[in-house]
Structures are given as C-alpha cells and as structure tokens.
Amino acid sequence: MENRANVNNLPAEVSIWTKIRNFLCQDIELTLTPKQEKVFQEVHDFWNQEITGQTVHDFLFYDITGEKVKNFLFKEIEITGDIEF
C-alpha cells in the first residue's frame, strides 16, 4: 500500500509572486556586537514601555522653572569613545 495523496490542483510551475514572496520572507541570521545589542534592546524597551494617563499628564504639565532650564543648558558633557577630528 502506498500512502500517496491524490492532488490535482497544484500549480505546474512556480509563479513569479511565489518567488518574490520566498525571497522576501527568507530566514536571515544577524550577528550583532555587544554595543549593537545594547542599542537594539534600548530601542525595544523604549517602544514597548507602558504609557498611562498619569505619565501623559506628568509630561504635559511638567513644572518648568528657571533653575531647571539653567541646569539643562549648562550641564557638563562628558565625551567618551574614540572621536577623531
């Protein structure tokens, strides 16, 4: 006994759309450096953070004072990494 299914409605040749879909949906493997993984994780965490009505309210009605503006504009910046000019 053979376990063959009788299938008559399959296409005789692979269509161009099937080829395009197979090309676009193929599996890929990415190798990331630890720094790239950290950036991707931070972006993921940012886009998936929970937003509530209270956080929106706190953002829209944030108390801005002259002291906070001064601290923001004149904060000390530390440059790290290998920057060449």
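At 222 nm, what helix-only mean residue ellipticity would the chain give, in deg cm²/dmol to the nearest 500, using -39500 (n - 2.57) for each DSSP H run of four or more? Can you show the working numbers first?
Values: 4 runs with 39 residues, N = 85.
-13500 deg cm²/dmol, from helical runs alone.
Solvent-accessible area assigned to carbon and sulfur over the chain amounts to 58 percent, based on a 1.4 Å probe. Taking each residue as 0.36 nm, the span from ARG21 to GLU37 lengthens on full extension beyond its C-alpha to C-alpha distance by 2.9 nm. For ASP27, the accessible surface of its heavy atoms amounts to roughly 150 Å² (probe 1.4 Å, protein chains only, rounded to the nearest 10). Spin-label model, ASP45/GLU13: points 7 Å from Cα along the beta carbon direction are separated by 5.4 nm.
In the chain, the convex hull through the Cα atoms has an average projected area of 16.2 nm², a quarter of its surface area.
Ligands, DNA and RNA excluded, the heavy atoms of GLU78 present near 150 Å² of accessible surface to a 1.4 Å solvent probe. Relative to the current alpha-carbon distance between GLU78 and THR52, full extension at 0.36 nm per residue lengthens the span by 6.0 nm.
The values are calculated or read from the model by the stated rules, or taken from the named source; none is laboratory data. Since the model is a prediction, treat every value here as computed from it, not as a measurement. We place every Cβ from the backbone using ideal geometry, glycine too, and count neighbours over all the protein chains shown. Side chains included, ligands, DNA and RNA excluded: accessible areas come from the protein's heavy atoms. Shrake-Rupley method; radii C 1.70, N 1.55, O 1.52, S 1.80 Å.
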